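The values are calculated or read from the model by the stated rules, or taken from the named source; none is laboratory data. As the structure is a computational prediction, the values presented were derived from the model and not from experiment. A quick note on method: Cβ atoms are made from the backbone with ideal geometry, for glycine too, and the neighbour counts reach across all protein chains shown. Heavy atoms of the whole protein, side chains included, go into the accessibility calculation; ligands, DNA and RNA do not. Shrake-Rupley method; radii C 1.70, N 1.55, O 1.52, S 1.80 Å.
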Amino acid sequence: MWIRTFKPYAGSVPSRVLKLKGAQNFRDLGGYPTVCGKAVRRYQVFRAAGLNKLTLSDYRRIDRLELKSVFDLRTPEERHALPTLWGGNPVRQVGFQSGDKGNLVAMAATLTDPGLRPEAVTGFMLSLYRRLPYDHAEAYATVLRCLAKGEFPLLFHCAAGKDRTGVLAAIILSLLGVPEHLVFEDYALSARIVDYRMELGLDDKTPSKLHGQSILRELAEEVVEPLLMSHPDYIMATFSELRGQHGSIESFVKTVYGLQESEVGALREKLLD
């Protein structure tokens, strides 16, 4: 199994990206046009990779955003190994119980196969993206409800800022009516602005605190590459799964996350200009 060739556009980085010294992929979801003729409000919803290396100057920049909440989509093991010691203005920090649902076990089984080939890793990633919206139902639903209540600006992040974070961002943009090709472009933007080998410490020779990281460091680069990609086919697999099972993204969040029609409407009312 393989996915079609994808070469990220090499143009300038959009203004929605906040350049920080200690965190990558920190960006605003605002500014995208919607099918109803409105646009997603700027500086209300942010996504990012890990925040455990933020510097004092980073915190000064982040403080200007006046965040109310930070949602950490990482597992308890990840949060314990690489804690975020928040050094900015007070915010509500929210972590969740593991939404892994066996994904790390499945990944370890895939990556430790003696005959492992890149195609198998790609297959794992496509399967992972079909499961993520279900595995992280508690976290995703919590963030959506906070947005519906107007409890923003807020930030959500995971470790790499592309998989768990990328799926949630895509669901939010889709609910707001952002055209699908722009949703996919936003997801794929990670490939343009993040060095994932550096972000995940794969070239670091110091002992790792995370078992999965240790496994990745031992693998050939071509085998690891599918894990590090933000290929549009991954998020397309998510959308195909949700639509195949529920008809639409909106129907999915209502059925699985229990959001009411009024909450979906409030989310749009509060986040669209």
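General observations
- Carbon and sulfur %, accessible surface of the chain computed with the full protein complex present, 1.4 Å: 52 percent
- Rounded, prolate or oblate (a/c below 1.5 giving rounded, otherwise prolate when a/b exceeds b/c) for the stretch 27-80 by Cα gyration tensor: oblate
- Only Lys, Arg (+1) and Asp, Glu (-1) charged, at Cβ; the chain dipole about Cα centre in debye: 760 debye
- Per residue, the solvent-accessible area of the chain (1.4 Å probe, heavy atoms of protein chains only, all protein chains present) comes to 46 Å².
- Between the stretch 67-100 and the stretch 37-63, the alpha-carbon center distance in angstrom: 14 Å
- Gain on full stretching of the segment that runs from Ala137 to Leu56 - 0.36 nm per residue minus C-alpha separation: 25.8 nm
- Label point distance in nm, Ser262-Glu222, each placed 7 Å from Cα along Cα→Cβ: 5.8 nm
- Within a Gaussian network of the chain (alpha carbon springs, distance under 10 Å), most fluctuating of Ala141, Ala160, Ala220: Ala220
- Quarter of the Cα convex hull surface for the chain, i.e. its orientation-mean projected area (nm²): 14.0 nm²
- Residue-level accessible surface for Tyr59, protein heavy atoms, 1.4 Å, Å²: 10 Å²
- Considering only the chain, percent of DSSP beta bridges that pair antiparallel, nearest 5: 30 percent
- Lys pairs under 18 Å by Cα in the chain, provided they are eight or more residues apart or on distinct chains: 12
- Between Ala108 and Trp86, the modelled label-to-label distance comes to 3.1 nm, taking each label 7 Å out from Cα in the direction of the beta carbon.
- Solvent-accessible area of Met229, all protein chains in place: 40 Å² (probe radius 1.4 Å, heavy atoms, ligands and nucleic acids excluded).
- Enclosed volume per residue, in Å³, of the convex hull spanned by Cα atoms of the stretch 102-177: 95 Å³
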